[in-house]
1. Considering the stretch 75-96 alone, what residues qualify as being at pLDDT below 90 and more than 16 Å from Thr47 (Cβ to Cβ)?
2. For the stretch 80-123, how many residues meet the condition of being of a type in the set (Asp, Glu) and within 15 Å of Glu50 (Cβ to Cβ)?
3. I'm trying to understand the selection: among the residues of the stretch 75-123, which are among the polar types (S, T, N, Q), out of contact with any helix residue (DSSP H, G or I) (no Cβ under 9 Å at 6 or more places or on another chain) and in a strand (DSSP E or B)?
4. Do the conditions hold for Lys35, that is, is it modelled with pLDDT under 90 and not in a helix (DSSP H, G or I)?
5. In the stretch 22-42, is there at least one residue being aliphatic (A, V, I, L, M) and in contact (Cβ under 8 Å) with a residue 60 or more places away in the chain?
Amino acid sequence: MKSKKGFTLVELLGIIAIIATILAFVVPSVIGMLKRDDEKEYQRFLTDIELATESYVQLNIDNYPNLAITNGSYTITMQELIENGYIKSNMVNPKTDTKVSSSDTIKITRKADGSYDYSYTAH
């Protein structure tokens, strides 16, 4: 009698098919999870900028008379926030993986309910 060593071709193909099926389900989930993490990181970045801008404007509201009226707006550069210590000059935009530029802007618009809308634009 011969002792059997190793796997047959059919057994190997079966194992490969099982692994391929598992990967077909797992890979899209992992990719989706990574995309969601990237989006959450970018949202935290925007929140940090909005909070810094809000603090800066509240302490310097007299310099921005347009923000006292509904739909009034003003655009602030990142340079203003950096120079006044509200954000660090080495802050990185997670969407582009580059440092924020001093020419990047944040447009602030006062809404009818008195709250503010912030819009970040990278240059």
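The values are calculated or read from the model by the stated rules, or taken from the named source; none is laboratory data. Computed from a prediction, not measured in an experiment: that's the story for all the values here. A quick note on method: Cβ atoms are made from the backbone with ideal geometry, for glycine too, and the neighbour counts reach across all protein chains shown.
1. Ser89, Thr96
2. Going through the stretch 80-123, the residues of a type in the set (Asp, Glu) turn out to be 80, 83, 97, 104, 113, 117.
The next check asks that each one be within 15 Å of Glu50 (Cβ to Cβ); those that pass are 80, 104, 117.
Looking only at that region, the number is 3.
3. Taking the stretch 75-123 first, the residues among the polar types (S, T, N, Q) are 75, 77, 79, 84, 89-90, 93, 96, 98, 101-103, 105, 109, 115, 119, 121.
Now narrow it down to the ones that are out of contact with any helix residue (DSSP H, G or I) (no Cβ under 9 Å at 6 or more places or on another chain): 75, 77, 79, 90, 96, 98, 115, 119, 121.
Result: Thr75, Thr77, Thr98, Ser119, Thr121.
4. Working: modelled with pLDDT under 90: yes; not in a helix (DSSP H, G or I): no.
No; evaluated as a whole, the condition is false for this residue.
5. No, the stretch 22-42 has no match at all.
Residue-wise test of (1) loosely packed, with under 12 Cβ neighbours inside 10 Å; (2) in contact with a Leu (Cβ under 9 Å, 6 or more places away or on another chain); (3) farther than 27 Å from Ala68 by Cβ.
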| position | (1), (2), (3) |
| --- | --- |
| Gly85 | yes, no, no |
| Met91 | no, no, yes |
| Thr98 | yes, no, yes |
| Thr105 | no, no, no |
| Ile108 | no, yes, no |
| Asp113 | yes, no, no |
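Table: residues versus (1) assigned to a helix (DSSP H, G or I); (2) surrounded by fewer than 12 Cβ atoms within 10 Å (Cβ to Cβ).
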{"position": "Phe7", "(1), (2)": "no, yes"}
{"position": "Leu13", "(1), (2)": "yes, yes"}
{"position": "Thr21", "(1), (2)": "yes, yes"}
{"position": "Ile49", "(1), (2)": "yes, no"}
{"position": "Glu54", "(1), (2)": "yes, no"}
